[in-house]
Amino acid sequence: MTDPHDWFDRAACGLGRTTDDGVFLAVNGTFCGWVGESPDALVGKRRFQDLLTMGGRIFHQTHWMPLLQMQGSISEVKLEVRLADGSTLPMVVNALRLERDGAMVHELAMFVARDRDKYERELVAARKRLEELVSEASRLQAETKDRALLAEQMIGIVSHDLRNPLATISIAAATLAGDSLTAPHRRTVERIQRASVRGAHLITDLLDFTQARVGKGLPIAREEIDLHVVVAQAVDELSHLHPTRRILHERTGDGACFADPNRLAQVVGNLVSNAVAYGDRDTPVTVTSSIEPGAFTVRVHNHGKPIPAETRSVIFEAMARGTATPNAGRSVGLGLFIVRELVTAHGGRIDVKSTDEDGTTFCAVIPRTT
């Protein structure tokens, strides 16, 4: 028959019994072997809490004892136990408070928790590293945002300051234009005038881009307009700006609509400039203005190499271009972004279709009234 005391002494876990204030009444060989103390050195002489680290003793006094008195038991509490050689050993302790022979005692069961301790330390280290990475990512994101905001603000400032010298160039070119100029000189002045107009359009796009990204969107001032007249005037100006290209205007439907005429002309100008830059030079660019009962539409069509499918999904984003052709160097890629912002500000939508057979068509649909 197995000796009960032998079973207690050689149990797979540390076992012990203490008084209500922690003095050991009994302890098994397993626990003594772990801590490097003999039973005689512990029983009746040492308290369980005396074997704990400073943090463990504080926890024992502030949490362990109050909980044990209230609940009568505690489960899976991890503590650091000091060994005879001065090192520490993590242990998980279960405790039961009960009465024996008229006195309150604590029955203890203790388990070595090296693997659990290692896992918890690794978990804490991983969490700390993750917090550091998140903090660093947030810092970099804020820094990037600040830099982008500063860049956009600088674009707006520089673009605004460029207007004055550009206006001076335009006025000087208009003054030089006259009947007394020779043909070569006249062509030079006309090139200066066209370059001034393109520069003014570019500055307008840069300012609008800054306002759209930094501000609250692009402002518009709706009024009752004749859509066909506004588009016809825009096409006439664009024909002078691009004298080597045919720009046609077709119209359908009659009636007034409510829109910002200057912004609408800007939409037409950006779409036509895009068509001139990327379209077939030998075929016309066609601008169609249509009025229907609930909406009006502006379409700009050109023939030429189609826009790749993967590009069409991002073509209205800032700095995006339709193709990688040399013509792409003629702009900074803001025209279609500005167009989308202006059409959206009117409460409308814009899309693009582009195929080898039918060419490329940008179509803006805007509510006729608001």
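Quick notes
- Scan of segment 62-87 for residues that are among the polar types (S, T, N, Q) and either at pLDDT 95 or above or not in a helix (DSSP H, G or I) (or both), ordered by number: S73, S75, S87
- Hits in segment 68-91 (condition: β-branched (V, I, T) and either within 14 Å of F48 (Cβ to Cβ) or surrounded by 18 or more Cβ atoms within 10 Å (Cβ to Cβ) (or both)): I74, V77, V81
- The set of residues from segment 323-370 being modelled with pLDDT under 85 and over 30 Å from G294 (Cβ atoms) comprises T323, A324, T325, P326, N327, A328, G329, R330, S331, V332, G333, L334.
- Complete set of residues in segment 93-131 that are buried (at least 16 other Cβ atoms within 10 Å of the Cβ), out of contact with any helix residue (DSSP H, G or I) (no Cβ under 7 Å at 6 or more places or on another chain) and β-branched (V, I, T): V93, V105
- Residue in segment 5-35 that is nearest to A95 (Cα to Cα), counting only those that are surrounded by fewer than 14 Cβ atoms within 10 Å (Cβ to Cβ) and of a type outside the set (D, E, K, R): A12
- Within segment 94-117, residues that are free of Cβ contacts under 8 Å to residues at least 24 places away in the same chain reach partners that are in a strand (DSSP E or B) and acidic (D, E) with beta carbons closer than 8 Å, at six or more positions or on different chains, in the pairs N94/E76.
- Among (1) of a type in the set (D, E); (2) under 18 Å from N274 (Cβ atoms); (3) at pLDDT 90 or above, the one test that E237 misses: (3)
- Between F31, F24, F8, F59, the distinction of being more than 23 Å from K118 (Cβ to Cβ), of a type in the set (F, W, Y) and assigned to a helix (DSSP H, G or I) belongs to F8 only.
- Residue within segment 109-120 that is in contact with a Phe, Trp or Tyr (Cβ under 9 Å, 6 or more places away or on another chain), modelled with pLDDT of 80 or more and not in a helix (DSSP H, G or I) present: yes
The values are calculated or read from the model by the stated rules, or taken from the named source; none is laboratory data. Keep in mind the model is a prediction, meaning the values are calculated, not measured. Glycine also receives a Cβ, built like all others from the backbone with ideal geometry; neighbour counts cover every protein chain displayed.
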